[in-house]
Amino acid sequence: MAPSKRRYWYNPRREAILVNIEDQITNSKAYLVGGGIGSLAAAAFMIRDGGMPGENISILEAAPIMGGSLDGAGEPVGGYSMRGGRMLTADNYECTWDLYRSIPSLNNAGKTVFDETLDFNEEHKSNAMARLVDRQRAKVPVTSMGFSMQDRIELLKLSQAGEDTLAASRITDWLSPRFFKTEFWFMWSTTFAFQPWHSAVEFKRYLHRFMLEFSRIETLAGVKRTIYNQYDSLVLPLEKWLESQRVHLISDCRVTDFAHRTELGKFIVTAIHCLRQHKSEVIAVNDGDFVFFQNGSMTDASSVGSMMTSPKPLTKADSGGWTLWEKLAEGRPEFGNPAVFNNCIAQTCWESFTVTLQNPSFFDEMSQFSGNEAGTGGLVTFKDSNWMMSIVLAHQPHFLNQPANVQVFWGYALFPDRVGNFVPKPMADCNGAEILQELCGHLRFDLACLESANCIPCRMPYITSMFMPRLPGDRPLPVPSSSRNLAFISQFVEIPDDTVFTVEYSVRAAQMAVYQLLGIERDIPPVTPHDKSPRTKFEALIKAFK
Ligand SMILES: Cc1cc2nc3c(=O)[nH]c(=O)nc-3n(C[C@H](O)[C@H](O)[C@H](O)COP(=O)(O)OP(=O)(O)OC[C@H]3O[C@@H](n4cnc5c(N)ncnc54)[C@H](O)[C@@H]3O)c2cc1C
């Protein structure tokens, strides 16, 4: 795709002098701190839409591989592991698909990642038939949302309240305790990982952004999946494309500080201090260069266990992952307030687990029980489970290197601090074998069907940190007005109307930051106003009154 049309741009070296942007960008360098999907997307936008040569771009990532939260790796004997399994939609995710319409597939010659994903979803449509399972192991009828009239009125009130009114309130400030027992809450909260104490603003944003999903939440029919796990299907093709553009992908490199100067009230990064394979390095940032920073990560300080051990209870003190944002934001309110998001692990932690099987019994029993072949269902949530446990059996193989005789599934639990129903321990203290025992208890399956299973648990202390109640200003803008060459790309930036805890949010933040800093005139795909469509609103209303 040709770079978008642009002529002149503000020259950061000499105030008020216009220079030819083509020359400016060709000579500029860009440094991206963090190698999550946000930074990978930003690099692609700089090349595709800004005409920046790939070799001028460096991505500095603390971990040994790129992709951040979108991880996924392993092999049959040691077991596969991924922190998350993602649901996407084709009706939203505007910036994500705008990006992936330009990224070639690695496995389907002549197709883009966008094409191959949509084709795959045409072949494998979601139609969950066992969305909720109760304590008797019965599939709960879910065509009704289970609302009382009071629930409907309260939900309507919350969904119509302005963000200034909702402010830092919690969902529980708007909805009565009964609401949290409705089928709607069980399905909506486990689809999107909401807890009752989370931000009312975020909850409201989800109601609007995903209004189309409201009327089909019980079957998850609107959900789109990637062909494999998201590392193999989203990160790898993008990484390969960036490599082909000669972008420098630098792993094992933790950025510890930004040197800066202030000029005419503007914050200007002048150097990047980092630890590259434990050795200190300083990278000079020259006038005209750009710095993009991934401030905060939902998977920071995550740890994995094994069949024999529970994951270590790490915190930000162990990882140092939030330190740079904390340092930068100190005394600079326009750079946000990380403490709002990372100060209460008890409210932001949950655990996932990945199970590798060498024997089809579990998949066979699940397909008999749920009525769904792997890849056609969705989350199966054990709604009365103390841990609030859900599992998903994706289409197989779920990993590029997964042999045909191996199956992999993923699950998670919203309340790892609670004692299980079949294991007398909090999930947080359980190893993989105990998690499988709990799962089989809810399913009433014989443990023998998981005989050779390898379950790898993963604790994520900040997984829902983006959902913590916040006020305007707690998150920086992608390009704060006081910044000359520094932009923020993450789940912790302020974007009107869009919903955090999505790949889309990070990609949108990247596109906004890149277009603004580089002065690109191409339009950013807007957030689709499904909530303004009379038909969608009507269908949602019908559903709410069923
Ligand atoms: C369990 C789970 C389930 C999910 N489900 C869905 C879903 O269904 N649908 C959906 O759309 N999204 C889902 N998501 C969310 C989605 O995966 C994330 O929103 C997205 O991947 C975040 O990308 P990011 O690039 O903003 O940040 P991250 O992936 O967090 O990347 C940030 C990177 O920056 C690095 N970094 C930070 N500071 C420094 C530093 N100082 N120096 C060097 N490197 C640094 C970190 O190491 C990290 O790799 C899920 C996520 C998880 C974990």
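Each value in this text was obtained by applying a stated rule to the coordinates, not by laboratory testing. Just so it is clear, the structure is predicted and the values come from calculations on it, not from any experiment. Neighbour counts are summed over all protein chains in view; Cβ atoms, including those assigned to glycine, are modelled from backbone coordinates with ideal geometry.
For the chain, the longest principal axis of the C-alpha atoms and the axis of helix 534-545 are separated by about 30°. The length gained on full extension between ALA109 and THR315, counted as 0.36 nm times the residue separation minus their Cα-Cα distance, comes to 69.8 nm. For segment 138-241, trypsin sites (Lys or Arg not before Pro) are listed when DSSP marks them as loop and at most 16 other Cβ atoms sit within 10 Å of their Cβ; the list is ARG216. Of all beta bridges that DSSP places with both ends in the chain, some 75 percent have antiparallel geometry.
The relative contact order of the chain comes to 23 percent, based on Cα pairs under 8 Å that sit 6 or more residues apart.
Percent of C-alpha pairs per 10 Å bin in the chain, short distances first: 4, 18, 29, 27, 16, 6, 1, 0. The charge dipole of segment 273-343, taken about the Cα centre with unit charges on the Cβ atoms of Lys, Arg (+1) and Asp, Glu (-1), comes to about 300 debye, rounded to the nearest 20.
Available extension along the chain between GLN277 and ASP417 is 46.9 nm, counting 0.36 nm per residue and deducting the alpha carbon span. Hey, for a label at PHE180 modelled as a point 7 Å past Cα toward Cβ, could you say which residues of segment 345-373 have their backbone N under 13 Å away? Label zone hits: 347.
A Förster distance of 22 Å, applied to the separation of the beta-carbon atoms of GLU263 and GLU521, puts the FRET efficiency at 0.25. A crude spin-label estimate for the pair LEU118 and GLN358, with each label 7 Å from Cα along the Cβ direction, gives 4.2 nm. Note that segment 488-500 has calculated 3J(HN,Hα) couplings of 10, 9, 5, 7, 10, 10, 8, 10, x, 6, 7, 10, 6 Hz, one per residue in order, obtained from phi through the Karplus relation 6.51 cos²θ - 1.76 cosθ + 1.60 (θ = phi - 60°); glycine and proline are x.
Taking 14 Å as the straight-line reach from the Cα of LYS383, the aspartates and glutamates in range (excluding those fewer than 8 positions away in the same chain) are ASP134, GLU183, GLU218, GLU438.
Relative to the longest principal axis of the Cα atoms of the chain, the long axis of helix 432-443 lies at roughly 50 degrees. Near LYS316, which aspartates and glutamates are there with a Cα under 12 Å away, not counting those fewer than 8 places off in the same chain? Counting by Cα, and skipping residues close in sequence, LYS316 has these aspartates and glutamates nearby: ASP300, GLU326. Placing a pseudo-label 7 Å from each Cα along the Cα-to-Cβ vector at ARG135 and ALA339 gives an inter-label distance of 4.2 nm. Compared with the dominant principal axis of the Cα atoms in the chain, helix 183-192 is inclined by about 40°. Exposed loop sites here are GluC sites (Glu not before Pro) assigned a DSSP state other than H, G, I, E or B and surrounded by at most 15 other beta carbons within 10 Å; excluding them, the longest clear run of the chain is 16-329. In the chain, helical runs assigned H by DSSP with n ≥ 4 each contribute -39500 (n - 2.57); averaged across all residues and rounded to the nearest 500, the mean residue ellipticity at 222 nm is -8000 deg cm²/dmol. Its Cα centre serving as origin, segment 101-189 has a Cβ charge dipole (Lys and Arg +1, Asp and Glu -1) of approximately 460 debye.
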